[in-house]
Amino acid sequence: MEQVTRAWFDEVVVPTYAPAQFIPVRGLGSRLWDQQDREYIDLAGGIAVNALGHCHPALVQTLIEQGQTLWHVSNWMTNEPVLRLARKMVDATFADRAFFCNSGAEANEAAFKLARRYAHEQHGAQKDQIIAFFQGFHGRTFFTVSVGGQASYSDGFGPKPGQIQHVAYNDLAALQAVISERTCAVVMEPLQGEGGVLPADLEFAKAVRELCDAHQALLIFDEVQTGMGRTGSLFAYMQLGVEPDILTTAKALGGGFPIGAMLTREAIAQVFKPGVHGTTFGGNPLACAVAETAFELINDPAQLAGVKEREGWFREALAVINAQYHCFSEVRGQGLLLGAVLAPEYQGKAKAFVDAGIEQGVLVLVAGANVVRFAPALNLSREEFDLGMQRFAAAVAAVVAG
Ligand code: PLP
């Protein structure tokens, strides 16, 4: 058989990505191996997706069993796994109802449409403004990328959906200045992931909730990246002490199997009557069965406490590295979504740390050009962590040495 090489990517795949030069071929726990059988410690977790590591035996087992039972029926029939998953998710959260789809962008697309539709029905067509935050990221469909706070991602595709206003994150005065009776929703990540691993101030989050209530606007929390245990609670809102009206999640929900979800309260959910919104694959038995198993494993007090414990490992190890190399100005974030912010002399160089990591056999991420991001499996072992950080320290040494 012809050997597959990285060069094929540049020949036959639409160049939306610039993938690393190695091709991973198998994974186990927080380890990956490439075509040459070179080992990598994975502290990137498939960008906050592989919450239980690679090929977790319980997820594999569920995938095999469900794969031998029922894959897809479409939404003119329901199925047992989707009903069990919905029940578990509403039991564990503020929500009364769940909508399932296949990605974070789709979950947000549903959330934004739902907020618009709810305002339209409850208050009239004039209540159509969505307020979001600069540097926020909500996906790549045209609506979600327009709500996202980086114009460079949404420019150049023709006319954008209207009535979307952006303000600075954690800037209450800026939000107060634009929120009005016209606002139907405020959309925020409780901790901006792609935008630089930037947490919301507690007071800010509370004030956003109050402003939404005062203006009869819905509060949407995008927990696509922060959800499913990533910050040390099932969802980040649980530590903020602020409940949203709509919550979206995806990424870790399926532990690596594509699935997204939108959660909301009863009265809001009722706006999505049959035919108003939908998707062919949403809530399919295969994805939901895997997500149900992942949900059971993640929504476990010991697992969630373990996230906090591992946060401590990272903060300690990064402090030691920084005491030697002085390359970070700060480590921020929560749980296992952490960002090492580059010191002024390394501005713009986050990618160099990722590349040096690959050379050393450890996978980390960027979050913008100035932050090195860690989003590993929630069950990362101490042994995997120690080896990964040893390799990361070598990567930092290489970058510092130029
Ligand atoms: N929302 C947030 C907060 C994200 O971090 C992402 C992806 O990085 C998305 C939405 C989009 O999710 P997806 O890539 O699954 O469409």
For the stretch 126-172, shape from the Cα gyration tensor axes a ≥ b ≥ c, cut at a/c of 1.5 then a/b versus b/c, turns out oblate
The lysines whose Cα lies under 26 Å from the Cα of residue 127, excluding any fewer than 8 residues away in the same chain, are 113, 160, 206, 273
For the stretch 58-298, averaging the sequence separation of alpha carbon pairs under 8 Å that lie six or more residues apart and dividing by its residue count, the contact order in percent is 30 percent
If one compares the long axis through the Cα atoms of helix 382-400 with the longest principal axis of the Cα atoms of the chain, the angle in degrees, nearest 10, works out at 80 degrees
Toy charge model, Lys and Arg Cβ at +1, Asp and Glu Cβ at -1: the stretch 58-298 dipole around Cα centroid in debye, rounded to 20, equals 440 debye
Taking protein heavy atoms only, a 1.4 Å probe, and rounding to whole percent, the accessible area of the chain owed to carbon and sulfur comes out at 55 percent
Computed ³J(HN,Hα) along the stretch 42-48: with the Karplus parameters 6.51/-1.76/1.60, θ = phi - 60°, integer Hz and x for glycine or proline, the list is 9, 9, 9, x, x, 6, 6
For the stretch 58-298, whose charge dipole is built from +1 on Lys and Arg Cβ atoms and -1 on Asp and Glu Cβ atoms, the candidate among 178, 262, 224 with its Cα farthest towards the positive end is 262
Residues whose built amide H sits under 5 Å from the amide H of residue 299, excluding neighbours closer than 5 in sequence, are none
For the stretch 58-298, dividing by residue count, accessible area per residue (probe 1.4 Å) in Å² works out to 40 Å²
For the pair residue 151 and residue 343, the simple spin-label estimate (label points 7 Å beyond Cα toward Cβ) gives in nm 3.5 nm
Given backbone amide H placed at 1.01 Å from N, residues whose amide H is under 5 Å from that of residue 329, ignoring those fewer than 5 places away on the same chain, are 341, 342, 343
Yeah, the stretch 177-278 with a ≥ b ≥ c from its alpha-carbon gyration tensor (a/c under 1.5 is rounded, else prolate when a/b outruns b/c, oblate otherwise) is oblate
In order over the stretch 135-143: 3J(HN,Hα) from phi, Karplus 6.51/-1.76/1.60, θ = phi - 60°, whole Hz, x for each Gly or Pro, gives 6, x, 10, 10, x, 10, 5, 5, 5
Using eta = 0.890 mPa s and T = 25 °C, Stokes-Einstein with Kirkwood Rh from Cα pairs puts D for the stretch 58-298, in µm² s⁻¹, at 136 µm²/s
Once 123, 166 are ranked on solvent-accessible area with the largest value leading and a 1.4 Å probe, the list reads 123, 166
Partner lysines whose C-alpha sits under 28 Å from that of residue 349, ignoring same-chain residues fewer than 8 away, are 251
Of 58, 20, 105, the most mobile residue in a GNM of the chain (C-alpha springs, cutoff 10 Å) is 20
Using the Kirkwood radius over Cα pairs of the chain, the Stokes-Einstein translational diffusion coefficient at 4 °C and 1.567 mPa s, in µm²/s and rounded to a whole number, is 59 µm²/s
So residue 276 and residue 20, fully extended at 0.36 nm per residue minus their Cα-Cα distance, gain in nm 88.1 nm
Expressed per residue, the solvent accessible area of the stretch 310-376 in Å² (1.4 Å probe) is about 38 Å²
Between residue 120 and residue 84, Cβ-based FRET efficiency (R0 25 Å, step 0.05) works out to 0.15
Nearest 10, in degrees from 0 to 90: the angle of helix 202-214 to the longest Cα principal axis of the chain is 20 degrees
Rounded to the nearest 10 Å², the 1.4 Å probe accessible area of residue 55 is 80 Å²
Helix 57-67 sits off the longest principal axis of the Cα atoms of the chain, rounded to the nearest 10 on a 0 to 90 degree scale, by 50 degrees
About its Cα centre, the chain carries a charge dipole, from +1 on Lys and Arg Cβ atoms and -1 on Asp and Glu Cβ atoms, whose size in debye to the nearest 20 is 420 debye
Over the chain, the sum of -39500 (n - 2.57) across DSSP H runs of at least four, divided by residue number and rounded to 500 deg cm²/dmol, gives at 222 nm -12000 deg cm²/dmol
For residue 359, the accessible surface traced by a 1.4 Å probe with all protein chains present amounts, in square angstrom to the nearest 10, to 140 Å²
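The values are calculated or read from the model by the stated rules, or taken from the named source; none is laboratory data. Remember, it's a predicted structure, so these values are computed and weren't measured experimentally. In this analysis, Cβ positions are derived from the backbone assuming ideal geometry, glycine residues included, and neighbour counts consider all displayed protein chains. With ligands, DNA and RNA removed, areas are computed over all heavy atoms of the protein, side chains included. Shrake-Rupley method; radii C 1.70, N 1.55, O 1.52, S 1.80 Å.
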